Structures are given as structure tokens and as C-alpha cells.
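Enquirer: Okay, here's the structure, questions in a sec.
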Amino acid sequence: MSVQLVCEKLTKIYGNRKIKALDSVSFSIPSSGIFVLIGRNGSGKTTLVRILATELEPTSGSATINGIDVVKEPQKLREKIAIVPQEARPIPWMTPRQTVLSYLLWRGFSVSEAKRRATESLEKLKLGDYSDTLNRMLSGGLKRKVLVATVLSSEADIIFLDEPTTGLDPISRREFWDVLSEIGKKRFTFLTTHYLEEAEQLADRIGILDCGRLINIGTLDELRHKIRYNYSMKLLSRPPDLEVKDGEVLTGKDGQTRILTVEEEAFRISRELSKEGVKFTINPVSLDDIFFYLVRQESQERGDGSAIGAATE
Ligand SMILES: Nc1ncnc2c1ncn2[C@@H]1O[C@H](COP(=O)(O)OP(=O)(O)O)[C@@H](O)[C@H]1O
Ligand SMILES: [Mg+2]
């Protein structure tokens with residue numbers, strides 16, 4: 001059996017709109033570990049998740065997960081997948097235990113098996129103390145955990161989570177990362193986010209989507225090798241006579257200048273900036289820089305020239 005997720009020229013055009021939410025997306029990755037799809041709002045992440053989770057049919061193209069065709073064999077695939085949609089919330093007047101139980105019963109488990117699985121899953125997510133509290137009384141982070149507990153309780157070995165950490169405070173988000181990395185050890189976890197730090201922390205593989213196109217896909221190391229610079233400098237203002245000999249100067253919508261460059265040049269520029277009294281930071285190139293660079297390169301090639309202010313705008 002092929003243990004892969006394969007997409008071939010997946011395209012989605014909604015209704016009579018001309019915009020392609022997905023534009024001929026093709027890739028093939030092992031269906032194991034954690035795959036993180038990153039991209040700005042409106043780039044097509046949710047559309048791709050919904051197609052792969054059999055909630056939506058593509059306009060054209062095809063996809064298979066572990067050899068099962070997403071469009072032709074949705075029933076067969078549904079037994080193996082579980083999804084937490086973007087912005088989903090547990091039903092307010094139910095408790096976490098009732099939420100997980102009803103999901104399991106709906107998936108066809110017997111009452112006793114559902115009870116056992118629900119308790120186990122709630123414990124795993126440290127929701128034991130809240131099992132019988134109404135969902136509406138729980139914090140945003142705990143509400144998300146309830147939904148993750150539901151998918152985790154099932155037998156599904158492919159889990160889709162569409163922006164599970166959006167809107168969470170930084171502490172809850174980090175707690176969530178532990179949960180997600182645990183899940184990723186046993187099941188293929190397909191995650192979307194616009195927090196690039198999250199992708200950097202969790203992903204075995206990362207896909208970059210922009211304007212419905214898959215710009216790049218690979219491990220963090222593979223993506224790093226897409227650009228030849230290894231230092232990123234950020235400065236609030238740019239002295240008029242600053243010359244960058246070996247590097248790329250990128251200016252965001254927020255007016256911040258980012259210079260991607262090589263080690264020696266980074267040190268030379270640092271000295272110049274210090275002389276001029278310009279404040280700056282210097283760091284190894286992060287996924288945020290890579291994203292910024294690749295998306296800009298792609299939009300230049302496409303000739304739409306849309307400058308991006310921040311990776312997540
Ligand atoms: N149900 C829909 N009907 C029409 N257009 C849609 C629908 N869902 C998404 N879109 C459009 O498709 C594009 C991609 O959206 P989406 O997949 O939600 O992106 P993301 O999840 O990356 O924010 C956007 O231009 C969005 O406005
Ligand atoms: Mg979305």
C-alpha cells in the first residue's frame with residue numbers, strides 16, 4: 001500500500017467566481033508525521049483541507065491518501081480521517097465528555113467502547129478535571145482541546161486540524177504544541193497555520209501556499225536551501241547611503257527593512273549601521289524570512305508585484 005498523500009493538479013474555483021482558490025496544486029508527501037501548510041489568509045489552506053477531508057469536491061484534478069481516492073472513494077476515506085475545521089467550537093450546552101461521547105457514537109462505536117475511549121482521550125489532553133463542566137464555561141484554549149480530544153478519541157489515523165491555534169494566547173499555544181507533536185508521532189497530522197514559528201517547531205514537512213498555488217514544499221532544511229543567504233537583519237529605518245553588495249533588501253508594508261545576506265556581508269553592514277546609530281537585529285534566517293523571500297519571488301515572477309508586509313498578513 002502506498003503510504004502517501006498525492007495531489008495532482010488540484011484546482012478549485014468556487015461557484016461562478018473567477019478566482020482560483022486552488023490553482024493546479026501538485027505534490028506528493030509521505031503520510032506520516034506532521035505536515036504543516038502555511039500561507040496568508042485567503043491563500044487556499046482551508047479549501048485544500050476540505051477537499052482532502054472529502055468535504056468539498058475539486059473543480060478538477062485528483063488526490064489520493066494512502067492509495068484511496070478522495071473524490072471517488074470518500075466513504076472509504078472517511079473511516080480513516082478526522083477533522084477539526086477552522087473556527088469550530090464545541091456545542092456550548094454540552095460537556096467535554098458528552099461532546100466526545102456523541103462523536104464516538106456517531107462514528108459507530110458501542111456505548112461501552114465510546115465511554116472508555118472518551119475518558120482516555122480527555123485524560124490525555126489533561127481535560128479530566130473539566131470533563132463534566134459545560135463547554136461554554138471553558139476558556140478558548142480548553143474549548144479547542146475538547147475538539148482535539150474528539151478527533152483523538154477516534155480510530156482515525158489521519159487527522160486534519162485547520163488553524164487549531166489561531167487566537168490562542170502564547171501559553172495555551174505552546175501547550176497545544178506538545179499535544180500536537182504527540183499526535184504526530186502516531187498519526188499523520190495535517191495542520192494549517194499562519195504562525196510560522198509553529199510550523200518551524202512542529203513540522204516534519206512544510207508546504208507554502210500563496211494565491212492558491214503551492215510555492216514550495218519540503219522539510220525545513222530543504223526550504224532553507226532554497227535561498228542562499230543565512231542571515232537576516234531587520235532595521236527600523238534604512239540609512240540612505242547603505243549599500244548591500246551581496247544580499248536582498250526587502251521592505252515590508254510596515255516600512256521595516258529586512259536584509260537577507262551572507263555572514264561576511266552581515267558583519268560589514270552591522271558595522272556600518274552601528275556607526276550610523278541605526279538599531280537593528282541580526283538572526284539566522286528563519287522560516288518567516290524564507291516565506292517572505294519565496295512568496296515575494298513568486299509574485300515577482302508572476303508579475304503582480306504585491307509587496308507583502310508580514311508573512312501572515
Ligand atoms: N465557500 C466559498 N465560496 C466562495 N469563495 C470562497 C469560499 N471559501 C473560500 N473562498 C475563497 O477562496 C479563497 C481561498 O480561501 P480559503 O481556502 O479559505 O483560504 P485560507 O484558509 O488560506 O484563508 C479566498 O479567496 C476565499 O475568499
Ligand atoms: Mg482557512
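Nothing in this text is a laboratory measurement; each read-out follows from the coordinates by a stated rule. These numbers were taken from a predicted model, which means no experiment stands behind them. Note that we place each Cβ from the backbone using ideal geometry, even for glycine, and neighbour counts take in every protein chain shown.
Enquirer: Each residue of the range 66-80 in order: what ³J(HN,Hα) in whole Hz does its phi give by Karplus 6.51 cos²θ - 1.76 cosθ + 1.60, θ = phi - 60°, with x for Gly and Pro?
Expert: 6, x, 9, 6, 4, 8, 7, 10, x, 4, 5, 6, 4, 5, 9
Enquirer: While we're here: Can you give the direction-averaged projected area of the convex hull of the alpha-carbon atoms in the chain, in nm²? Walk me through the numbers on the way to the answer.
Expert: On the way: hull surface 73.8 nm².
Taking the Cα atoms of the chain, their convex hull projects to 18.4 nm² on average.
Enquirer: Which value in nm describes the separation of the simple spin-label points at GLN86 and SER274, placed 7 Å from the Cα toward the beta carbon?
Expert: Between GLN86 and SER274, the label points sit 4.5 nm apart.
Enquirer: Per 0.36 nm of contour for each residue apart, how much would the distance between VAL111 and TRP93 grow if the chain were fully extended, relative to their Cα-Cα spacing? Please list the in-between numbers first.
Expert: Details: separation 18, 0.36 × 18 = 6.48 nm, distance 2.10 nm.
Difference between extended and current length: 4.4 nm.
Enquirer: What full-extension length gain, to one decimal in nm, is calculated for GLU79 and LYS9 as 0.36 nm per residue of separation minus the Cα-Cα distance? Let's see the in-between values first.
Expert: Numbers: separation 70, 0.36 × 70 = 25.20 nm, distance 2.51 nm.
Computed gain between GLU79 and LYS9 is 22.7 nm.
Enquirer: With just the Cα atoms defining each centre, how far is the range 7-31 from the range 120-169? Give it in Å.
Expert: For the range 7-31 versus the range 120-169, the Cα centre distance is 30 Å.
Enquirer: What is the order of HIS225, HIS194, fewest Cβ neighbours within 10 Å to most?
Expert: Lowest count first: HIS225, HIS194.
Enquirer: In addition: Ranking MET94, MET137 by Cβ neighbours within 10 Å, fewest first, what do you get?
Expert: Lowest count first: MET137, MET94.
Enquirer: Mind checking which of SER181, SER110, SER131 has the largest fluctuation in a GNM of the chain, springs on alpha carbons under 10 Å?
Expert: SER110
Enquirer: Return TRP177, TRP93 ranked ascending by Cβ neighbour count within 10 Å, so the fewest neighbours appear first.
Expert: Working: TRP177 15, TRP93 9.
By the 10 Å Cβ count, ascending: TRP93, TRP177.
Enquirer: If you project the alpha carbons of the range 131-276 onto their three principal axes, what span does each projection cover, largest first, in Å?
Expert: Here the Cα extents, ordered largest to smallest, are 64, 32, 27 Å.
Enquirer: Under a 10 Å cutoff between Cα atoms, tell me which one of LEU122, LEU168, LEU236 has the largest fluctuation in the Gaussian network model of the chain.
Expert: For the chain, modelled as a Gaussian network with Cα springs under 10 Å, the answer is LEU236.
Enquirer: Top mean-square fluctuation among GLY167, GLY15, GLY184, Gaussian network model of the chain, C-alpha springs under 10 Å?
Expert: GLY15
Enquirer: Straight-line reach from LYS76: which aspartates and glutamates have a Cα under 15 Å away, not including same-chain ones fewer than 8 places off?
Expert: Leaving aside aspartates and glutamates fewer than 8 places away in the same chain, those within reach of LYS76 are GLU55, GLU155, ASP157.
Enquirer: Still on this structure, please answer the following. Can you compute 3J(HN,Hα) from phi for each residue in the range 134-143, using the Karplus curve 6.51 cos²θ - 1.76 cosθ + 1.60 with θ = phi - 60°, rounded to whole Hz and x for Gly and Pro?
Expert: Taking θ as phi minus 60°, the curve returns 5, 3, 5, 7, 8, 5, x, x, 5, 4 Hz for the range 134-143.
Enquirer: Further question on the same structure: Pop out the ³J(HN,Hα) list for the range 286-298 in order, Karplus 6.51 cos²θ - 1.76 cosθ + 1.60 with θ = phi - 60°, rounded to Hz; leave Gly and Pro as x.
Expert: Residue by residue, the range 286-298 yields 9, 4, 4, 5, 4, 4, 3, 5, 5, 5, 5, 4, 4 Hz.
Enquirer: What's the longest piece of the chain with no exposed trypsin sites (Lys or Arg not before Pro), counting a site as exposed if DSSP puts it in a loop and it has at most 15 other beta carbons within 10 Å?
Expert: 127-225
Enquirer: Taking 0.36 nm per residue of separation and subtracting the Cα-Cα distance, what length does fully extending THR219 through THR133 add? Numbers along the way, then the final one.
Expert: On the way: separation 86, 0.36 × 86 = 30.96 nm, distance 4.08 nm.
Working it through step by step, the gained length comes to 26.9 nm.
Enquirer: If you line up the Cα atoms of the range 228-284 on their principal axes, what length do they span on each, largest first, in Å?
Expert: So the three principal-axis extents are 26, 24, 18 Å.
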